[in-house]
Structures are given as structure tokens and as C-alpha cells.
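Notes follow once the structure below has been shown.
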Amino acid sequence: MNRAFQNVLVTGGAGFIGSNFIRYLLHQADFHGRVINYDILTYAGNLANLDDVVQECGQNGRYVFVRGDICDRESVEEVVRRYDIDTVVHFAAESHVDRSIHDPSAFIKTNVLGTQVLLDVARQAWQGRQDVLFHHISTDEVYGSLGNEGAFREDTPYDPRSPYSASKAAADHLVMAYFHTYGLPITLSNCSNNYGPYQFPEKLIPLMICNMEERKPLPVYGDGKNIRDWLYVEDHNAAVWIIMKNGKAGEKYNIGGETEWENIRLVEELCKIYAELTGTPLGEITNLITYVKDRPGHDRRYAIDCSKLKDELGWQKAHDFQSGLQKTVQWYVNNKSWIGNVQSGEYMKWIETNYGQR
Ligand code: NAD
Ligand code: DAU
């Protein structure tokens, strides 16, 4: 496989997984290229996630940020041309299921139309080149919801059930269509729930930790028995890099943690870790657990069969759940100013002053 990896366009690189990916990639001994982070900076995208990367890269030119919308064709064409892009790693998305239930429109625009714009610009710019790659980041939620048994495989039929997962499923189909119709060299990965530093505090794990800090209620949806499969964000990104290097064009790969937990058990575990780390009486934290109305259409269980990735490409996760959770809780406890920053309207004002109106 002779893929160039000289000028890598990372979309959504200021978000949770994308920022961790940029940090990870720039530290890989077998990556010698440059990263162009293309992000519009929604509420979920924060340049503060990359302060250390900017400091480390200094003037060496290996990291560049461009503010832009993936739906804006002219802007995408300009960045692909200016930086001679040979690789796209496409993280940019509206990513929160609850927001998609409240208002699906932004999800269709960014996740479906934005993906089609990127695919089309790449196809036109690359003109049949085979040393290029479009890697699309997707989710296990496209497969729907499981009962007590079984796990999603790459050939599990798609059955998305929320506006978010429907938009991601549509994007996945477009990615495959560009491979089959135009021969665009693509790879695609469907990953389970990520956790780790820099995750916006609207998703379960960071929301719970932030609420513990402020002694606010810890809202558990429904009966708390929905099951998710958890993976430390760096293990996801290591899998993405392996797929980029060795994955077969036109193939999709499942990525998962093989770590299924009921939500309520996970929240209780987080309470325990938080109480121990901060020297708080456990009861003071567990008393905050509050059962609330269920999410509409709440998928019951996700589980991922990632044997293809392990057997064909040799990936293995490096973090067990206990140590990953401890690292994560410690990170949020140590980074209160980051939390304040990303949650404040001040941050959005700063973005507008420095990068113009969205
Ligand atoms: P996130 O919400 O933290 O970050 C999304 C980023 O995309 C933000 O920086 C945002 O500013 C940017 N963005 C949004 N709309 C844009 C647009 N129109 N143009 C340019 N940039 C735009 O999301 P995340 O949790 O890091 O997820 C990243 C990707 O991984 C998504 O595609 C998501 O579907 C997928 N995924 C996430 C998980 C998870 O557990 N978080 C698991 C599997 C797959
Ligand atoms: O499976 C991969 C997906 O994981 C990604 O594609 C999505 O981008 C990502 O947001 C995540 O989706 P979930 O809906 O599984 O994640 P969330 O953190 O929102 O919720 C995890 C579980 O916790 C889910 O069963 C709903 C529940 N929950 C969530 C929140 C925010 C609660 O009980 N209380 C809450 O306050």
C-alpha cells in the first residue's frame, strides 16, 4: 500500500475525537506529513483542545488550522488545492443524539450534505489517483439496537433509529457509493462509544463528572439499564491510523472496546472513582443520581464484533476500562478552566472576535 500521507486534511479536528487524533498522529514515528485541521468551530469545537499541539509544532509548519464549513464547496476546494491534500480523515459532524432529537436539520446538513461535498471535491481533485485516501469516521449506531445477545459485525444490515444515526448511515452509504461508482479510494470505520479527555460535557461520562464537581443531579435516562460498549479515545485513534495505513480500499472496519456496561453501573463506578480521587464521602456523590424521563427511541444495547480489525490488521486496545476511567476523571478534575471555557458564552465571543461570525 503506497499511500502518500503528506498533507492530511482532518475535518472536525477541534472536536473531541478529532483533536485527540491530531495529537496522536503528530506523535507517530511513521507519520512524516502535515496536518490541516478544517473545522467550523461549532459549540463542540474548541481550539483550546489543541493548545499543546500548537505549542509543540511552533513554527515547524506540521500543523495548520483553517476555519471553514464542510458544506461550503468553494472553501473546501480552496483548502484542498492550497494545501495539496492527499488524505482526508473525516470526523466533522453533529454528534449528539439528544440534540438530533430536538432538531435534526443541522445533522442532515453537516453529516449528509457536508460528507457529499467532501467526497465530491476529493474525487475531482484526485482524478483517479490511487496513492490518496478518504477515511470516513462513523458510528456503531448505524446498525440499530441489540437485544441481550449478539454483536454488530461489518455485514450487519443498517437499521438507524435516531436522526443522528440516520444521518451517519446516509453518509456511510455515500462513502461506499463513491468507491463503487467512481473508484474513490475510501476506508470506513464504525466505532462504539468513546471516552477520554476533551469530550464536550454533554455526553454521559463528562457530563456526570462535571455535575459531580458542581454537586448537580446526575440524570440517568429511563431504567438506567441501556448498555453501551466503551473505548478509550486513543485506542480509537490508533485503530484509525492502522486502517489508514493497512486497510483495504473499499472496506469497512468495526472498532470497539469489548467493554459493555449498563449506564447505571457506569455512573456508580464514576461516583466511586470521583469520591476516591477527591476525598469526598461516597454518599454525597451517589445521592446526586436521579432517574429522569427516557430518551425517545433510546437504543437498548450496543456491542461490537471487531475481530476483522484485530485479525486482519493486528489492532488491539491498550487501555483497560478501569485505568481509562481513572485517567479521564482525573483529567476533568485537573482541567476546571477548560470546562469553564468550553461551557461559557465568553468562548463563543472570543471565536467571533478572532475568526468572524459563524
Ligand atoms: P464532536 O461533536 O466533539 O466534534 C465535532 C467537530 O466537528 C467539532 O469540532 C465541530 O466544530 C466540527 N464540525 C461540526 N460541523 C462542522 C461543519 N459543518 N464544518 C466543519 N466542521 C464542523 O464529535 P466527536 O465526538 O469528536 O465525534 C467525531 C466523529 O466521530 C463524528 O463523525 C462522530 O459521528 C464519530 N463518532 C463519535 C463517537 C463518540 O463516542 N463520540 C463514536 C463513534 C463515532
Ligand atoms: O455509539 C457511538 C455513539 O456514542 C456516537 O456515535 C455518538 O456520537 C456519541 O454521542 C455516543 O452516543 P450515545 O447516545 O451512546 O452517547 P451519550 O453519551 O449521549 O449517552 C450514553 C448513554 O447514556 C445512552 O444510553 C444515554 C445515556 N445518558 C446520556 C446522557 C447524556 C443518560 O442516561 N443520561 C445523560 O444525561
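Residues whose amide H lies under 5 Å from that of residue 71, counting only those 5 or more places away or on a different chain, are absent; hydrogens are built 1.01 Å from N in the peptide plane. Across region 60-74, computed HN-Hα scalar couplings (Karplus, 6.51 cos²θ - 1.76 cosθ + 1.60, θ = phi - 60°) run 6, x, 7, 9, 10, 10, 10, 7, x, 9, 5, 7, 8, 4, 4 Hz from first to last residue, x flagging Gly and Pro.
When you work out D = kT/(6 pi eta Rh) for the chain at 10 °C and 1.306 mPa s, using the Kirkwood radius from C-alpha pairs as Rh and the Stokes-Einstein form, the result is 76 µm²/s.
Taking all protein chains into account, the per residue accessible area for the chain stands at 42 Å² (1.4 Å probe).
The charge dipole of the chain, taken about the Cα centre with unit charges on the Cβ atoms of Lys, Arg (+1) and Asp, Glu (-1), comes to about 360 debye, rounded to the nearest 20.
Using packing as a proxy for protection, rank 11-21, 217-227 so that the peptide with the highest average count of other Cβ atoms within 10 Å comes first.
Numbers: 11-21: 26.6, 217-227: 16.4.
Going from most to least packed, we get 11-21, 217-227.
Radius of gyration (Cα atoms) of region 275-328, expressed as a multiple of 2.2 N^0.38 Å: 1.78. All Cα-Cα distances of region 25-75, cut into 10 Å bins from zero to the largest, leave 21, 48, 28, 3 percent in each bin in turn.
How long are the three semi-axes of the equivalent ellipsoid of region 196-281, in whole Å, if each is the root of 5 times an eigenvalue of the C-alpha gyration tensor, listed from largest down?
Rounded to whole Å, the semi-axes are 31, 15, 11.
Which order do the peptides 284-296, 268-280 take when ranked by the mean count of other beta-carbon atoms within 10 Å per residue, highest first?
Details: 284-296: 13.7, 268-280: 16.1.
In descending order of packing, they fall as 268-280, 284-296.
When Rg and Dmax are taken over the Cα atoms of region 68-181, they come to 15.3, 51 Å. Restricting attention to region 218-358, lysine pairs at least eight places apart or on different chains and with alpha-carbon atoms under 16 angstrom apart total 11.
The string of couplings for region 142-147 from the Karplus curve (6.51, -1.76, 1.60, θ = phi - 60°) is 5, 7, x, 10, 9, x Hz, one whole number per residue in order, with x for Gly and Pro.
Amide H to amide H, with H built 1.01 Å from N, residue 301 comes under 5 Å of 146, 227, counting only residues 5 or more places away or on other chains. Scanning residues 5 or more positions from residue 191 or on other chains, those with amide H under 5 Å from its amide H are 138, 139, 140, 255, with H placed 1.01 Å from N in the peptide plane. A Stokes-Einstein calculation at 20 °C with viscosity 1.002 mPa s, built on the Kirkwood radius of region 249-348 over Cα pairs, returns a diffusion coefficient of 126 µm²/s. Dividing the summed helix terms, -39500 (n - 2.57) for each DSSP H run of n ≥ 4, by the number of residues in the chain produces a 222 nm estimate of -12500 deg cm²/dmol to the nearest 500.
For region 1-121, what is the charge dipole size about the Cα centre, in debye to the nearest 20, if Lys and Arg each add +1 at the Cβ and Asp and Glu each add -1 at the Cβ?
Numbers: 10 positive and 16 negative charges, 38 e Å.
Rounded to the nearest 20 debye, it is 180 debye.
Take the convex hull of the alpha carbons in region 1-110; its mean projected area over all directions comes to 7.6 nm².
The values are calculated or read from the model by the stated rules, or taken from the named source; none is laboratory data. Source: prediction; values computed, not measured. For neighbour counting, all protein chains shown are included, and Cβ atoms are generated from backbone atoms with ideal geometry for every residue, glycine included. Remember, those area values only see protein heavy atoms, side chains included, never the ligands or the DNA or RNA. Shrake-Rupley method; radii C 1.70, N 1.55, O 1.52, S 1.80 Å.
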